[in-house]
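Participant: Below is the structure I would like to discuss, written out as structure tokens.
The values are calculated or read from the model by the stated rules, or taken from the named source; none is laboratory data. Not measured: the values here are computed from a predicted model. Don't worry about glycine lacking a Cβ; one is built from the backbone with ideal geometry, like all the others, and counts go over all protein chains shown. Keep in mind that these areas ignore ligands, DNA and RNA; they rest on the heavy atoms of the full protein, side chains included. Shrake-Rupley method; radii C 1.70, N 1.55, O 1.52, S 1.80 Å.
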Amino acid sequence: MLLGLAVAIMSSCETVKKVTTKKDEGEKIVTKEGGKTGKAITKYMEKHAEEIKAVLENGSVEAQKQKIRITFESGVLFAFNSSELGIVAKANLTKFAEILNANPDTKLLIEGHSDDKGDLEVNKAISLNRANEVANYLKSKGVKKARIETYGYGPSKPKVDNSTAANRALNRRVEIVIYASDTLVQRAKNGSL
């Protein structure tokens with residue numbers, strides 16, 4: 001009995017240390033490392049977020065422990081009901097791509113979101129098209145395809161309720177999650193980060 005309890009306690013400790021990367025209905029659960037490795041990745045991401053904040057206009061940048069979340073309201077990137085990037089958006093994404101290319105050991109999940117007005121399938125399609133348009137533009141600027149995943153959530157993950165026009169505008173957005181690649185995790189484990 002005591003042996004079983006000890007094994008259960010040890011197993012739960014291991015679970016706390018590391019959650020492996022997986023995809024769950026489009027939601028990316030990034031690898032979370034504990035101890036010195038986790039601290040090194042968090043420090044790296046905080047520094048990387050500051051670099052991005054220094055050059056990125058019209059987007060909010062938030063370091064979230066071992067990842068960075070960048071949010072662009074769709075009006076900043078796209079015309080209404082369009083998935084074609086505007087001139088200002090391209091200039092902003094060009095600067096962003098330069099930082100990404102200087103930090104090749106990160107991966108990206110580009111998420112498209114919409115409000116709840118109109119047909120659900122149309123909203124999912126436009127949110128995916130917008131995520132793909134951002135991904136394609138970053139790839140055209142040298143960001144490796146293998147680093148990028150896209151997902152169109154449609155209206156399923158609103159930031160705020162959709163009760164007003166202002167709130168619906170906030171829900172129409174593209175978010176980019178930057179997280180550690182296996183190479184970055186290994187560098188952190190080796191102490192070479």
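Participant: Look at Glu149 and say whether it is among the acidic types (Asp, Glu), surrounded by fewer than 21 Cβ atoms within 10 Å (Cβ to Cβ) and either at pLDDT 90 or above or in a loop (DSSP other than H, G, I, E, B) (or both).
Facilitator: yes
Participant: Starting from the stretch 135-158, keep only residues that are farther than 30 Å from Lys117 by Cα, then list their pairs with residues that are part of a loop (DSSP other than H, G, I, E, B) and of a type outside the set (A, V, I, L, M) whose Cβ atoms are within a distance under 9 Å, requiring at least 6 positions of separation or different chains.
Facilitator: Val143/Pro104; Lys144/Pro104; Arg147/Pro104; Arg147/Ser181
Participant: Does Val55 fit the bill of being hydrophobic (A, V, I, L, M, F, W, C), under 14 Å from Val134 (Cα atoms), touching a helix residue (DSSP H, G or I) at 6+ places or on another chain (Cβ under 9 Å) and open to solvent by 30 Å² or more (accessible area, probe 1.4 Å)?
Facilitator: no
Participant: Sticking with this structure for a sec: Just for the stretch 120-134: of the residues that are in contact (Cβ under 8 Å) with a residue 12 or more places away in the chain and among the aliphatic types (A, V, I, L, M), which one is surrounded by the fewest Cβ atoms within 10 Å (Cβ to Cβ)?
Facilitator: The selected residue is Leu120.
Participant: Check the stretch 153-171 and report whether any residue there is of a type in the set (A, V, I, L, M, F, W, C), assigned to a loop (DSSP other than H, G, I, E, B) and open to solvent by 40 Å² or more (accessible area, probe 1.4 Å).
Facilitator: yes
Participant: Looking only at the stretch 100-119, decide whether some residue is in a helix (DSSP H, G or I) and over 30 Å from Lys36 (Cβ atoms).
Facilitator: no
Participant: Limited to the stretch 57-84, what total is found for residues that are outside any helix (DSSP H, G or I) and at pLDDT below 90?
Facilitator: Of the residues in that region, 13 qualify.
Participant: Could you please find all residues in the stretch 58-97 being within 13 Å of the chain's Cα centre (by Cα), on the phi < 0 side of the Ramachandran plot and surrounded by fewer than 16 Cβ atoms within 10 Å (Cβ to Cβ)?
Facilitator: Correct list: Ser60, Glu62, Gln64.
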